[in-house]
1. Under the condition of being over 18 Å from A:G39 (Cβ atoms) and assigned to a loop (DSSP other than H, G, I, E, B), which residue from segment A:303-335 is nearest to the other protein chains (Cβ to nearest Cβ)?
2. Which one of the conditions (1) within 14 Å of another protein chain (Cβ to nearest Cβ); (2) closer than 20 Å to B:M45 by Cα does B:M350 fail to meet, given that it meets all the rest?
3. Kindly indicate whether any position in segment B:258-275 is part of a loop (DSSP other than H, G, I, E, B), among the polar types (S, T, N, Q) and over 25 Å from B:L408 (Cβ atoms).
4. Report whether or not B:D328 is surrounded by fewer than 24 Cβ atoms within 10 Å (Cβ to Cβ), under 19 Å from A:R263 (Cα atoms) and either more than 13 Å from every other protein chain (Cβ to nearest Cβ) or modelled with pLDDT of 95 or more (or both).
5. Can you confirm whether B:G47 is buried (at least 22 other Cβ atoms within 10 Å of the Cβ), within 14 Å of chain A (Cβ to nearest Cβ), under 21 Å from B:R360 (Cβ atoms) and not hydroxyl-bearing (S, T, Y)?
6. Kindly establish whether A:D58 is among the acidic types (D, E) and either within 14 Å of chain B (Cβ to nearest Cβ) or touching a residue at least 60 places away in the same chain (Cβ under 8 Å) (or both).
7. Output the residue which, of all residues in segment B:234-256 that are of a type in the set (S, T, Y) and out of contact with any Ser or Thr (no Cβ under 8 Å at 6 or more places or on another chain), is nearest to B:V267 (Cα to Cα).
8. Kindly indicate the residue of segment A:276-294 that is away from every other protein chain (no Cβ under 11 Å) and of a type in the set (A, V, I, L, M) and also nearest to A:G32 (Cα to Cα) among those meeting that condition.
Amino acid sequence: MKRHTRHVTADLAVIGTGIAGCAASIFARDLGLTVAQIGHSGAMAYTTGYIDLLGVLDGRVLDDPWSGLDALRSTDACHPLARMTNHDIRTAFDRFVRLLGEMGLGYTAPGDRNVSALLPYGTTKPTLSLPDTMLPGSDALHRRAPALIIDFEGLQGFSATEFCTNMASVWPGLRPARLVFPGLEARPVFPEVMARTLETPVAQEQLADLIQPLLNGAETIGLPAILGLQAPDRVRARLEQLTGATLFEIPTIPPGVPGIRLREAFERELPRRGVLLEPQNKVSEAILRSTGVDLTVQGALDDLRIEASAAVLASGRFLSGGLKSDRYRVKETVLNLPVRQPETRDGWFSAEYLDPAGYPVNKAGIEIDAAFRPLGPDGVPASDRLFAAGVVLAHQDWVRQRCGAGLAIATAYGAVQAAAGSINAR
Amino acid sequence: MLKKSAETATIDFLATARALLPEGASYDACVGCGLCASGCPASGMFGMDPRRFINMAMLGMNEELSTTPWVWACTQCKRCAYICPMGIDVSLLVGASRSNWAKEDKPKGIVRSCAAQMLDESTSAIGLRSEDFVEIVEETADELRQNDPRFAEIEVRIDKPGAKFIINQNSREPAVEPEEMAPIWKIFDYVGADWTYASKGWAAENFCMFSGDDEAWRDMVKTRVDAINDLGAEIWVNTECGHSFYTLWKGIDRFGLEANFEPASMVSLYAQWIREGKLPVNSDWNVDNLKFTVQDPCQLVRKSLGDTAADDLRFVVETLVGKDNFVDMQPCRSANYCCGGGGGFLQAGMSKERRAYGKRKFDQIVTTKADYVLTPCHNCHSQIDDIGAHYGGAYHVTHLWTLICISLGILGPDERKYLGPELAAIGLPDPQ
């Protein structure tokens, strides 16, 4: 049987379909570049939905991420965020959050201060922008307003009682309650299933009817994040209208709805904006040329060959497959770029399991120059047409620094600006 | 309920996984996140879901996995593999488990459908023999020529050597509703395509893959491939059907058969002909601005051609109904949920589970508020029709060929079975 190869040319190839990759594609389209984006399911679906910029620095929780970035520049100049100006980071962040709104996911405008955002187990974290469906929860916490917290029979990963108990010392006016989700009796339930069901008016009415008798004067209700997938703000508005109360969402542990919302929204939006999106396969071969980058993607039935003038590598870390390791070394998987890492495996970890400083291997990743070009083995850029963004980069610890989304968005912006410059200069 | 008899062998699922997985992939890589289970409409049935299946395989719970009837509720749609960051494909293990069930314990409907395909070289799952197919096609073509002067000369060929296209035909049409074959003939006639049916291996279904009978699957594909090779067609066109496409190219691949042709989906051909101006369709007929959504067949999109096929499908539908009258389900394209009609579920006699599975599809459809669901797949068509009736949906389910012929003004009066009352009389020739 003849196996076909589709040939495509693009100004920019984006390798990766996480937040960094999707942000890069959008930024590139904004500049009028043609874009082909390739990647398999990655870590985006695991996010809480919060868009962090920089929440923690040297173990301190930051109220002001922008001055935190200033501090980072003086203490840790190799950190990818330290390579950019606050102005550029703000431009990227504002654009990205506005885009989410355009995709039907309302987000708060990033301001000057971090906000205390709720987490599934009744803790909080600092973030810069949060979904409109979650904002009233942060507000209610700030005001210590009494609230009813609801969970569901069979739902794993979110317990109202646990949330209320752990919050009790800072937010005493919480009351837990449990409901059986209509139509999902006596079976394990997933937030995605509830959210999908809640997009139908019938399910919205059924749930509101179940909530009503629990209200008992409560004006604010916290629910696990289940208020629809494609139009959560509309689902929330409708449920608020039906119950007469203010509703807010609390993210659940993976597989949670906010991350799936983001992933599906990008899968909808990118093709609409003219991005050739291959969401099902990873790059099987990448070749650097002096005039660009050639990529091959093996599909089930045919192959795709992309000739791009430049590429942004946004392939993520271990979970997304951008990095992999054997027992001895960490490797970069797409182009076998050198990975900055401790000399030997002995240096990967710390003696203390929960060391708040993190492990040295957490900061492993690829080195870039000031123009976001990955460095080759000799310490000079591997190519003038290759750029990198996101958590595949070295010198950052996004988990502990609460900077995952910010790092992805900001470096995607930086990498795309640099890539556009290289294309235009040809 | 389905039950496996005690004497059936137990599979070592981890060893099976190692043998089946592509290089570099590993079930050990499962981080247990549950995205697969969250996105699987069969989760929770028979106390099983894809994550649990993998967990149990890791724990060596081979006996439980070898006997769970859940493998017949999983439609092998591969959405778990699509959504898993590690690309773990539970459907491969489900296929191995299905194969391992004793024939007498498997769902009888699927086994019967496969057995029917083995009866005759027609490969029809409802046992329609080659000579009957030829007769029905010839009679139906004669009626068309007599009843509609515009098609008095239409050529409907069988076994024409050297034709560019060879198309297959789902058995439902010749067996139950032969008039539904005519729209495709008219479309091929309209564009002046050089096409033929084959009297052997013409049927567009393959339940032997679903019944887990690899030998029969291979035989089925071989019969079809030989027929196509013998006639020397350049392009094999799969009708508006999902699994007959996947099972053929996958079968050729898997069993190492020699095929001297290119496989093509009918949908991609429609798209190509519209782009080339050969099928000048538009949405002028949709004066009431009826709303349409599409079901992406898993077998055609996610499992075969990817979003290229999804793009073609949307291009065809948006051209046909008007861009503003098209509403996508969410999620869709490669991320679409299976409707629950795949994997032989419709034939498995498990209506309760199948409809519970289909509830998620029903909710998706209702959310679009569409009046019509279009799908180039017979199993999707039947399932979406059934869950609509079961859960009280107000939508109709229709083939693409029907709308193409409406738009071209060539849809006959007896080719409107799947249209609602608002379209029942549209574009009919003036009786005067």
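The values are calculated or read from the model by the stated rules, or taken from the named source; none is laboratory data. Keep in mind that what you see is a predicted model, and the values were worked out from it rather than measured. Don't worry about glycine lacking a Cβ; one is built from the backbone with ideal geometry, like all the others, and counts go over all protein chains shown.
1. Among those residues, the one meeting the criterion is A:D326.
2. (1)
3. The answer is yes; a qualifying residue exists.
4. It is true that B:D328 is surrounded by fewer than 24 Cβ atoms within 10 Å (Cβ to Cβ), under 19 Å from A:R263 (Cα atoms) and either more than 13 Å from every other protein chain (Cβ to nearest Cβ) or modelled with pLDDT of 95 or more (or both).
5. It is false that B:G47 is buried (at least 22 other Cβ atoms within 10 Å of the Cβ), within 14 Å of chain A (Cβ to nearest Cβ), under 21 Å from B:R360 (Cβ atoms) and not hydroxyl-bearing (S, T, Y).
6. Judged against the criteria, A:D58 is not a match.
7. Looking at the filtered set, the residue picked out is B:T239.
8. Across segment A:276-294, the extreme among qualifying residues is A:V293.
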